[in-house]
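A.B. asks: Here you go, one structure.
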Amino acid sequence: MDILKNFEKKEMEYMRLQRQKMGVDDFELLSIIGRGAFGEVRICKEKSTGSVYAMKKLKKSEMLRRGQVEHVKAERNVLAEVDSPFIVKLCYSFQDDEHLYLIMEYLPGGDMMTLLMRKDTLREDETRFYVAQTILAIESIHKHNYVHRDIKPDNLLITRNGHIKLSDFGLSKSLESKNFPDFKAELVDRSTKPAAEHDRLSKPPSAPRRTQQEQLLHWQQNRRTLAFSTVGTPDYIAPEVLLKKGYGMECDWWSLGAIMFEMLVGFPPFYSEEPLATCRKIVNWKTCLKFPDEAKLSIEVKDLIRRLLCNVEQRLGTKGVHEIKAHPWFRGVEWERLYESNAPYIPQVKHELDTQNFEKFDEVPSTCQTSSKSSPWRKMISSKDANFLGYTFKNLEIVDEHHIPGMAELKRKSKTANKPSLKTLFETPYPPSENQALKDLLDSPIYSEGSRGSSGSPFSRPNQSQARR
């Protein structure tokens, strides 16, 4: 009997944590490790547990002004749905009046861009390790019918043990969608201006020939500026995307080929000083893809890169990831045990709050005060907030020994039910205990028949497998 009571007590505490609203005041805000056009990323510590996370903070008004609402929803959806050791784990998401927040695991090893800037180039065996782990990361999101569309070294984060995890899903897209919006359209449109885009991009590029060392030096001087610009760099974008043709998962494999080239040579295969010139080189890849004479690369790795940086019809991965895994260059790779293997580079990490592997950013004073907690779902919301309904998420796997001792067994039993489904990702259920009370309330005389289930009613919330607000 005591065992049963103890189990019931833990279960009640577990359900309380499920319902508990999260807000920015639940975290101690620490160093900023990233900043972009729409917000910032900083490390933070959860006050109740002491757990360290990375907090991504996005300004709602900027999301709306720049048409990024669907992108920010897509990022949250992918992180909530895909469970893989090669994908950054989402722990919480919530919002206040002005901002959206993603609370993710903190990976103190930095990113692949920083590693490449420190080492210039990698050996083939080192490259094989990182590329193989990136393949498994891409495969995991493709299995969930998503295409990432922004695979680049900046988005390959490094764990404390030197392993790779894919991040930044703001441009990801579900292949269940009928239409793909123009990808990187802002970048291409700024470069092409009024001229016909296809003609401008198809024009053969005319760029001075540099030695590998000269090109590497030039790339390093411009790399970080491009990474933190609002427009970004087109170096890893597939030609079918730039030409706004139909495309799917295969565009991620082109990006992988471009990253492989950069790891081994020191700069991307189509790098130019101007983004438009880079786009032209990508579109004209048949004549522009060249390996520097100074780069001593094996026949196998050159073949793999050429079979990734090519037409969609011939590109490895178009018919499935098995095409890439079976390439001779990966001979001997134990795919099932890859995450258990030793990494070629172990980042220096002195403690859990160490940020030495990230850029340093100054604090920017906040211009306005916002409420720290998410508004209750019953509260009437503004049109701005209506765009972000259902953004709240809580990963119940983080309710571990830090929160309730002995919860492992209970979590295992409820794990399947807690996984979100794609079709109902933005729908929210009522907790079972509230069903009857809610039904009685809706049946009371103060609510007219016409108000039930209407889009404006705060009670019209369809059923779903996981609690979200």
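A.B. asks: Out of segment 315-329, which residues are in contact (Cβ under 8 Å) with a residue 12 or more places away in the chain and of a type in the set (Gly, Ala, Ser)?
C.D. replies: Of all residues in segment 315-329, those in contact (Cβ under 8 Å) with a residue 12 or more places away in the chain come to 315-318, 321, 324-325, 327-329.
Matches in segment 315-329: GLY317 only.
A.B. asks: Further, regarding this structure: Evaluate segment 288-302: report whether one residue or more is within 30 Å of SER174 (Cβ to Cβ) and assigned by TED's automatic domain parsing to the domain that holds ASP235. Walk me through it before giving the result.
C.D. replies: Filtering segment 288-302 for residues within 30 Å of SER174 (Cβ to Cβ) gives none.
Checking segment 288-302: not a single residue is within 30 Å of SER174 (Cβ to Cβ) and assigned by TED's automatic domain parsing to the domain that holds ASP235.
A.B. asks: So is VAL147 closer than 30 Å to SER61 by Cα and outside the structural domain of CYS44 (by TED's automatic domain parsing) or not? Spell out how you get there, then give the answer.
C.D. replies: Numbers: closer than 30 Å to SER61 by Cα: yes; outside the structural domain of CYS44 (by TED's automatic domain parsing): yes.
Here the answer is yes, as VAL147 does meet what is asked.
A.B. asks: Select from segment 293-313 the residues that are of a type outside the set (Val, Ile, Thr) and in a helix (DSSP H, G or I) and list them in ascending order. Before the answer, list the steps.
C.D. replies: Within segment 293-313, the first condition is being of a type outside the set (Val, Ile, Thr), and the residues that meet it are 293-298, 300, 302-304, 306-311, 313.
The answer is GLU300, LYS302, ASP303, LEU304, ARG306, ARG307, LEU308, GLU313.
A.B. asks: Would you pick out the residues in segment 43-66 that are in contact (Cβ under 8 Å) with a residue 24 or more places away in the chain, charged (D, E, K, R) and in a loop (DSSP other than H, G, I, E, B)?
C.D. replies: Of everything in segment 43-66, just one residue is in contact (Cβ under 8 Å) with a residue 24 or more places away in the chain, charged (D, E, K, R) and in a loop (DSSP other than H, G, I, E, B), namely ARG66.
A.B. asks: Further question: Taking the condition of being under 25 Å from GLU62 (Cα atoms) and part of a helix (DSSP H, G or I), how many residues in segment 72-92 meet it?
C.D. replies: Of the residues in that region, 9 qualify.
A.B. asks: For the condition on the phi > 0 side of the Ramachandran plot and in a loop (DSSP other than H, G, I, E, B), what is the one hit in LYS244, LYS290? Lay out the reasoning, then the answer.
C.D. replies: On the way: LYS290 fails: on the phi > 0 side of the Ramachandran plot.
Going through LYS244, LYS290 in turn, just one is on the phi > 0 side of the Ramachandran plot and in a loop (DSSP other than H, G, I, E, B): LYS244.
A.B. asks: Right, something else. Kindly establish whether GLU40 is of a type outside the set (A, V, I, L, M, F, W, C), assigned to a helix (DSSP H, G or I) and in contact (Cβ under 8 Å) with a residue 12 or more places away in the chain.
C.D. replies: No, not satisfied.
A.B. asks: Which residues, taken from segment 104-142, are charged (D, E, K, R) and not in a helix (DSSP H, G or I)?
C.D. replies: Correct list: GLU105, ASP111, ASP120, ARG123.
A.B. asks: Got a sec? Which of GLY332, GLY257, GLY317 is outside any helix (DSSP H, G or I), among the small types (Gly, Ala, Ser), buried (at least 22 other Cβ atoms within 10 Å of the Cβ) and out of contact with any Ser or Thr (no Cβ under 7 Å at 6 or more places or on another chain)?
C.D. replies: Selected residue: GLY317, the only one of GLY332, GLY257, GLY317 that is outside any helix (DSSP H, G or I), among the small types (Gly, Ala, Ser), buried (at least 22 other Cβ atoms within 10 Å of the Cβ) and out of contact with any Ser or Thr (no Cβ under 7 Å at 6 or more places or on another chain).
A.B. asks: Quick one: GLU334 ticks every box in (1) free of Cβ contacts under 8 Å to residues at least 24 places away in the same chain; (2) within 26 Å of SER140 (Cβ to Cβ); (3) touching a Pro at 6+ places or on another chain (Cβ under 8 Å) except a single one, so which number is it?
C.D. replies: (3)
A.B. asks: SER84 versus (1) surrounded by 22 or more Cβ atoms within 10 Å (Cβ to Cβ); (2) under 21 Å from LEU171 (Cβ atoms); (3) out of contact with any Phe, Trp or Tyr (no Cβ under 8 Å at 6 or more places or on another chain): which is the lone unmet condition?
C.D. replies: Here SER84 meets the rest and fails (1).
A.B. asks: From the list VAL78, VAL69, which one is touching a Ser or Thr at 6+ places or on another chain (Cβ under 7 Å) and over 24 Å from GLU28 (Cα atoms)? Break it down into steps so the answer makes sense when it comes.
C.D. replies: Working: VAL69 fails: touching a Ser or Thr at 6+ places or on another chain (Cβ under 7 Å).
Going through VAL78, VAL69 in turn, just one is touching a Ser or Thr at 6+ places or on another chain (Cβ under 7 Å) and over 24 Å from GLU28 (Cα atoms): VAL78.
Table: residues versus (1) at pLDDT 95 or above; (2) among the basic types (Lys, Arg).
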| residue | (1), (2) |
| --- | --- |
| ARG315 | yes, yes |
| ALA326 | yes, no |
| PHE330 | yes, no |
| VAL333 | yes, no |
| LEU338 | no, no |
| SER341 | no, no |
| PRO344 | yes, no |
| GLU352 | no, no |
| THR355 | no, no |
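A.B. asks: Would you check if LEU4 is at pLDDT 95 or above and either assigned to a loop (DSSP other than H, G, I, E, B) or out of contact with any strand residue (DSSP E or B) (no Cβ under 7 Å at 6 or more places or on another chain) (or both)?
C.D. replies: Values: at pLDDT 95 or above: no; either assigned to a loop (DSSP other than H, G, I, E, B) or out of contact with any strand residue (DSSP E or B) (no Cβ under 7 Å at 6 or more places or on another chain) (or both): yes.
No: the conditions fail for LEU4.
The values are calculated or read from the model by the stated rules, or taken from the named source; none is laboratory data. All values derive from a computational prediction rather than experimental measurement. A quick note on method: Cβ atoms are made from the backbone with ideal geometry, for glycine too, and the neighbour counts reach across all protein chains shown.
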